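J.: Okay, here's the structure, questions in a sec.
We did not get these values from a lab; they are worked out from the coordinates using the rules stated. Note that the structure is a prediction, hence the values are computed from the model and not measured. In this analysis, Cβ positions are derived from the backbone assuming ideal geometry, glycine residues included, and neighbour counts consider all displayed protein chains.
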């Protein structure tokens, strides 16, 4: 069966801020080669590690984000490495990179230089703040981008300091937008008549984080209200985290949801014999403004919290959903592996890990495409695993050409 | 050459609320002709959600709605009316992409499921993005970004270990993971169609992209048996790592100290003295062992400082540091976002000048976007029915009178 991104050859020079971009391309059929420095990508040594082994071949993030890619080692700061890289570029469609602005120029492999070798090349550059501007040279990390992009200020409890979301969400946001941008550019290049002209894409991690501000920007722009953190309390009466026997549930029966979901939740409590629940059918509860009052939050809490505490998260989930109420368990990773819906969809896949000789279960298709399905990747490359093969092929192409 | 990549691609857009609208915004901002099918009888709930221009409620006044719908056209069709459905089919027959984020079965109820669409438009790319996917025991379940954050594990791994899970404080999956994955899949399907002429059905469960992002956390369980939980701002790769108070109310600076050079530069800028200067703290492991004492000491040294001044001083010495920006700060005070032209002011027919996000990347040879504000409810109904579908004014008036265009 043909694949959506068949024939697209990608050179992936990124570190942790970009490797998910290459994964997205690879898993739909692009031929992705991870180009690492001679001592390997820094992500190889980012913990945690499979079996706790920090030997460059057991990094969990590396194993996941690079599954299915080919691996080549090149010293891009050397003359020979640069020449070998340019030979690869001559036969590539996309270069993804996450070096500091100016580094690719200094190496003699900037977009303008690559364009001379391959005028149709798409180069996707992912940096914390973009290629130019007052912060372009800043040092960064995921949490620094979350801070300057605004999401950090919204994360955490109403009475706490700001708390970063788990799992490098700033870098991942950039990798995702970079993947979208790359396909937009490929679309332009492939649609164009000869001679095809490539594109340079400038992705800023900070700017990608800003996209996660939800309605906070508009609250400031239109109403002059600066939104703050709000975990640890209901966002609107009826919307928030509640403890149950074995963890928590998130119920969303207030705020932007239609009135019927909010009312279904009230009827649930009435059916369960929760005394006083009927007061929440009073017309004043229909207003989002009333739902943000202390009074409304307190009333909802005093009625719903004792009820939730008597049940498991699975029971509350399925019973609530059968009543058309948006309620979900707060799942742990282990819960996800046992989730009946994900398993019915065959979401998790087993991917081989070369160094241990074992296969490990990991998230699979993030979408199902009927004609060009997502395919489970092969293992992540060992350091330099495909160097000889890939570089010889590039040299051969040049000799033949 | 300022042509947009997707000019010539038409999208019949049945999406609403968060994730769906953000997906088609990405397509619209890059030149696709996105026609949003709405109904006054079944309003996109964001049209009636705060914030409103000047705080005054109205279906054309919500900023929550407008930012997600730049560059689109809006028509109103009553999909419960047979003639409304017939118009939707005609629109689909001239569209390349058909998008929705309803619960499975809803489009089928309107006669607009994939099988029906394929009859009308064999090479259509049909994007369905329900909460949990088109099939499976929980496929009819309801959700929003916040509950999806809980279901996918993101909520569980975000927050303090000894308190309830905090999550991101936003409907995060709606804003980045789901729109990016859905747009990426749609663009991949467009490429396949360009090469083969074949359309296809795309099923995005609004849980799976966020789970994909948590791959390392899942692998930590499947490979090592560790069911990971939240760790506040603590991370293995850097100490100190987190936020430190600065002068003013709710003002903070984020730091990530990963090397002896970062650590010593931090101490220099903060003019630290005494035990913090012990050379053993050049070692990351030693800093981790004394993490709480070190963090308290650093807090005492940052507390009186202005966050932006401190950021500039630290960055000048090569220390990864960033002010924790509020929404106001990133609109008014961020020179980098201003340099990139991230904020675009567009003149909306009812809201006047209001702020929109530009896409967070720049593509060379491509124009500045967005340039058109969100549409009023049904603003383009006549224009689309006449201009695109060729209906006469009398026919449109009759359909309106019959309730097909509500």
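J.: When the helix-only estimate is applied to the protein assembly as shown (DSSP H runs of n ≥ 4, each -39,500 (n - 2.57), divided by the residue count), what is the mean residue ellipticity at 222 nm, nearest 500 deg cm²/dmol? Mind dumping the intermediate values first?
T.: Details: 34 runs with 297 residues, N = 807.
So the helix-based figure for the protein assembly as shown works out to -10500 deg cm²/dmol.
J.: Would you give the gap between the C-alpha center of region B:1-34 and the C-alpha center of region A:217-255, rounded to a whole Å?
T.: So the separation of the two Cα centres works out to 30 Å.
J.: What is the antiparallel percent of DSSP beta bridges lying wholly in region A:135-256, to the nearest 5?
T.: Working: 7 of 8 bridges.
Around 90 percent of the beta bridges assigned by DSSP in region A:135-256 are antiparallel ones.
J.: Please report the antiparallel percentage of DSSP beta bridges with both residues in the protein assembly as shown, rounded to the nearest 5.
T.: Numbers: 38 of 79 bridges.
For the protein assembly as shown, the DSSP antiparallel bridge percentage is about 50.
J.: Separate question: When the Cα atoms of region A:94-148 are enclosed in a convex hull and the volume is divided per residue, what value in Å³ results? Don't skip to the answer; put the middle values down first.
T.: Numbers: hull volume 4.5 nm³, N = 55.
With only Cα atoms used, region A:94-148 gives 81 Å³ per residue.
J.: May I pose another question? Label residue A:395 and residue A:370 with points 7 Å out from Cα along Cα→Cβ: what is the distance between them in nm?
T.: Here the modelled spin labels are 4.9 nm apart.
J.: Then there's this: Return the percentage of antiparallel bridges among DSSP beta bridges fully within chain B, rounded to the nearest 5 %.
T.: Beta bridges within chain B, antiparallel portion: roughly 45 percent.
J.: Continuing with the same structure: Using Cβ counts within 10 Å as a stand-in for footprinting exposure, how do A:295, A:16, A:319 rank, fewest first? Before the final figure, lay out the partial values.
T.: Numbers: A:295 10, A:16 21, A:319 14.
Lowest to highest Cβ neighbour count: A:295, A:319, A:16.
J.: While we're looking at this one, here's another question. When the expected Rg is taken as 2.2 N^0.38 Å, what fraction or multiple of it is the alpha-carbon Rg of region B:254-328? Working shown, then result.
T.: Working: Rg = 12.3 Å, N = 75, 2.2 N^0.38 = 11.3 Å.
Here the answer is 1.08, to two decimals.
J.: Next question. Treating the angle as unsigned and between 0 and 90°, give the value, to the nearest 10°, between the Cα long axis of helix B:215-224 and the longest Cα principal axis of chain B.
T.: Roughly 60 degrees, rounded to the nearest 10.
J.: Something else: Round to the nearest 10 and give me the degree value, 0 to 90, for the angle of helix A:313-322's Cα axis relative to the longest principal axis of chain A.
T.: 80 degrees
J.: Any idea how far apart residue B:261 and residue A:263 come out in nm if each label point goes 7 Å out from Cα toward Cβ?
T.: Result for the modelled spin labels: 6.5 nm.
J.: Next question. Using R₀ = 25 Å, calculate the FRET efficiency as 1/(1 + (r/R₀)^6) where r is the Cβ-Cβ separation of residue A:193 and residue B:94; round to 0.05. Kindly include the intermediate steps, with their values, before the conclusion.
T.: Working: r = 25 Å, r/R0 = 0.99.
Computed FRET efficiency for residue A:193 and residue B:94 comes out at 0.50.
J.: Per q in 0.12, 0.14 1/Å, what log10 I(q)/I(0) does a Debye calculation on the alpha-carbon atoms of chain B return?
T.: -1.05, -1.27
J.: Compute the helix-to-body angle for B:307-316: its Cα long axis versus the longest principal axis of chain B, expressed 0 to 90° and rounded to tens.
T.: Roughly 70 degrees between the two axes.
J.: If you average the sequence gap of Cα pairs under 8 Å that are 6 or more apart and divide by the length of chain A, what percent do you get for the contact order?
T.: Numbers: 707 pairs, mean separation 72.5, N = 401.
It rounds to 18 percent for chain A.
J.: Counting only C-alpha contacts under 8 Å and six or more residues apart, can you give the relative contact order of chain B as a whole percent?
T.: Computed value for chain B: 20 percent relative contact order.
J.: While we're here: How many percent of all Cα-Cα pairs in region B:193-335 sit more than 17 Å apart?
T.: 69 percent
J.: Moving to a separate point now. What percentages, rounded to whole numbers, describe P(r) for region A:269-401 computed over all alpha carbon pairs with 5 Å bin width beginning at zero?
T.: Going from the shortest bin to the longest, the percentages are 2, 7, 10, 11, 11, 9, 8, 8, 7, 6, 5, 4, 3, 3, 2, 1, 0.
J.: For a quick protection proxy, order the peptides A:83-92, A:144-153 by their average other-Cβ count within 10 Å, most packed first.
T.: Values: A:83-92: 19.6, A:144-153: 30.5.
Peptide ranking by packing, descending: A:144-153, A:83-92.
J.: Whole-Å semi-axes of region B:258-382's equivalent ellipsoid, largest first, each the root of 5 times a Cα gyration tensor eigenvalue?
T.: 46, 15, 13
J.: Sticking with this structure for a sec: Please work out how much length the chain gains when fully extended from residue B:40 to residue B:282, using 0.36 nm per residue of separation minus the C-alpha to C-alpha distance, in nm with one decimal. Don't skip to the end; give the middle numbers.
T.: Numbers: separation 242, 0.36 × 242 = 87.12 nm, distance 6.39 nm.
Taking 0.36 nm per residue and subtracting the Cα distance, the gain is 80.7 nm.
J.: Using a Förster distance of 25 angstrom, determine the FRET efficiency expected from the C-beta separation of residue A:116 and residue A:75, and round it to 0.05.
T.: Details: r = 22 Å, r/R0 = 0.86.
E between residue A:116 and residue A:75, to the nearest 0.05, is 0.70.
J.: Turning to a different aspect of this structure: Would you look at the GNM of chain B, springs on alpha carbons closer than 10 Å, and say which of B:253, B:176, B:202 moves the most?
T.: Of B:253, B:176, B:202, the most mobile in the Gaussian network model is B:253.
J.: A further question follows. Go ahead and set up a Gaussian network model of chain B, Cα springs under 10 Å, then flag whichever of B:166, B:86, B:393 fluctuates most.
T.: B:393
J.: Short version: what are the Cα gyration tensor semi-axes of region B:1-52, square root of 5 times each eigenvalue, largest first, in whole Å?
T.: Values: eigenvalues 122, 30, 13 Å².
So the equivalent ellipsoid measures 25, 12, 8 Å along its semi-axes.
J.: Another question, if that's okay. Among A:353, A:318, A:58, which one shows the biggest mean-square fluctuation in a GNM of chain A, springs joining Cα atoms closer than 10 Å?
T.: In the Gaussian network model the winner is A:318.
J.: Evaluate E = 1/(1 + (r/R0)^6) for residue B:249 and residue B:293, where r is the Cβ-Cβ distance and R0 equals 35 Å; express this FRET efficiency to the nearest 0.05. Intermediate results must be reported in sequence, preceding the final value.
T.: Details: r = 26 Å, r/R0 = 0.75.
My answer for the efficiency is 0.85.
J.: Moving on to the next point. Once the cut-off is 33 Å, how many percent of the Cα-Cα pairs in chain A end up in the long-distance tail?
T.: Values: 36139 of 80200 pairs.
Tail of P(r) above 33 Å: 45 percent of Cα pairs.
J.: Find, to one decimal place in angstroms, the Kirkwood hydrodynamic radius of the protein assembly as shown, where the mean of 1/r is taken over every pair of different Cα atoms and then inverted.
T.: Working: mean 1/r = 0.0369 Å⁻¹.
Evaluated over the protein assembly as shown, this radius sits at 27.1 Å.
J.: Between residue B:106 and residue B:54, what is the label-point separation in nm under the 7 Å Cα-to-beta-carbon projection?
T.: Between residue B:54 and residue B:106, the label points sit 3.3 nm apart.
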